[in-house]
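Below is one structure, written out as structure tokens, with a few remarks after it.
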Amino acid sequence: MDCKLVKQIKPYLAVIILQCGYAGFSIIAKFALDQGMSHYTLSVYRNVIATVVFAPFALVFERKIRPRMTFSVMYKIILLALLEPVIDQNLYYAGMKNTTATFTSAMCNVVPAITFLLAWALRFERVNIRSLHSQAKIMGTLVTVGGAMIMTLVNGSVIGLPWTKRKPGFQTTDEKAHQNPVKGALMITAGCFCWSVFYVLQTTTLKAYPAGLSLTSLICMAGALQGAALTLVVERSNAEIWSIGWDIKLLAYVYGGIICSGVAYYVSGIILKQKGPVFVTSFNPLNMIIVAVTSSFVFAEQLNMGKVTGAVVIIVGLYLVIWGKGGDETKPLSDQTEMKDQQKETTNNNLSANVLSGDNVV
């Protein structure tokens, strides 16, 4: 009984730990970006480090289970690398440079909604409007996004905390003047769409190429190559951005590569196999809560009633999604109608996989 409980809890613990890792990197990356780090080189070095660290493990531990590389799998790996390590990461951190760490994390809460809609459209997520559990998933997704918007748009009275008093060395009014929240929000939203597509495509790719460590290494390697090419084109006249020193920038490269690229891609792949893309992204709002609290210590960002209220709403939404997902997994298909629906869903899943993979059906 205990082993069964542990098995059930593992995905929840794993995805919560992932969000803690993402939140930590948001703080480190924001600090490094404010110190002049280029988001282009952040993307490149982050994925180079992830490749160097994880490729040896993939070669050793998956040498017997690694499937043969096909053109279809290679095409999907290249597309995965373009979506997340290149487009999403560059847009995300460019957006962060124009806003704050808390605002960036808040905007990323559109990821669960986008992923839910994509997974529903492509039949990766089982949804029956007449089912109470499916209604809970839909409502929970909307509630979490609503909570994120409350944290972003509603201010309310400031909660006076001793550590949020302005200290020397923190962000000044002049630095805030260089921020562009509208431009940053558009960049982050576009990046979030790519991130959602990445999760859905990763779910499909893992079915054809189930070697998780190898897939992670290949995505990071392809992302580093594509990112380097993009950086050389965009920043060809600025060679200083490639310099590495013993500073916060190096910490961002190493932390981002090991935790947010290597570990995150691999662990999220394992969870995707068990729970699907909607489950993985539904915990994204936790990232914002952690970042908001941490930013109050690191950047002296003020906490107000809007952020606290939004955090409570997010927790309620997460509970609804988890309850809905749990009901879908345990609910038996007892009658003939549900069995037919399941068979139809399986057929549509196969068709969706073919569309995403680019395979031709003759």
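The values are calculated or read from the model by the stated rules, or taken from the named source; none is laboratory data. This structure is a prediction, so every number in the text was calculated from the model and none was measured. Every residue, glycine among them, receives a Cβ derived from its backbone with ideal geometry; neighbour counts consider all protein chains shown. Protein only, heavy atoms only, side chains kept; ligands, DNA and RNA dropped before computing areas. Shrake-Rupley method; radii C 1.70, N 1.55, O 1.52, S 1.80 Å.
Overview of results
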item	result
Whichever residue in the range 1-42 is touching a residue at least 24 places away in the same chain (Cβ under 8 Å) and among the charged types (D, E, K, R) and, among such residues, is nearest to residue 105 (Cα to Cα)	30
Where residue 64 falls short, out of the listed (1) assigned to a helix (DSSP H, G or I); (2) surrounded by fewer than 21 Cβ atoms within 10 Å (Cβ to Cβ)	(1)
Residues within the range 23-67 that are more than 19 Å from the chain's Cα centre (by Cα) and polar (S, T, N, Q), tallied	3
Selected residue (criterion: farthest from the chain's Cα centre (by Cα)) from residues of the range 250-261 that are of a type outside the set (Phe, Trp, Tyr) and open to solvent by 50 Å² or more (accessible area, probe 1.4 Å)	251
Tally of residues being surrounded by fewer than 17 Cβ atoms within 10 Å (Cβ to Cβ) and part of a helix (DSSP H, G or I) across the range 35-61	6
Residues satisfying the stated conditions in the range 218-269, i.e. among the β-branched types (Val, Ile, Thr) and either outside any helix (DSSP H, G or I) or more than 15 Å from residue 58 (Cα to Cα) (or both)	231, 233, 234, 241, 244, 248, 254, 259
Selection within the range 157-184 - at pLDDT 70 or above, under 23 Å from residue 35 (Cβ atoms) and not in a helix (DSSP H, G or I)	180
Residue identified as modelled with pLDDT of 90 or more, more than 28 Å from residue 240 (Cα to Cα) and either open to solvent by 10 Å² or more (accessible area, probe 1.4 Å) or more than 22 Å from the chain's Cα centre (by Cα) (or both) among 79, 83	79
Some residue of the range 277-292 being open to solvent by 10 Å² or more (accessible area, probe 1.4 Å), in a helix (DSSP H, G or I) and under 19 Å from residue 52 (Cβ atoms)	no
Inter-residue pairs, beta-carbon under 9 Å, first of a type in the set (Asp, Glu) and in the range 300-312, second modelled with pLDDT of 75 or more and assigned to a loop (DSSP other than H, G, I, E, B), 6+ apart	301/100
Sole residue being at pLDDT 80 or above and crowded, with 19+ Cβ neighbours inside 10 Å, chosen from 187, 107	187
Qualifying residue in the range 219-227 (condition: in contact with a Cys (Cβ under 7 Å, 6 or more places away or on another chain), within 26 Å of residue 125 (Cβ to Cβ) and open to solvent by less than 10 Å² (accessible area, probe 1.4 Å))	no
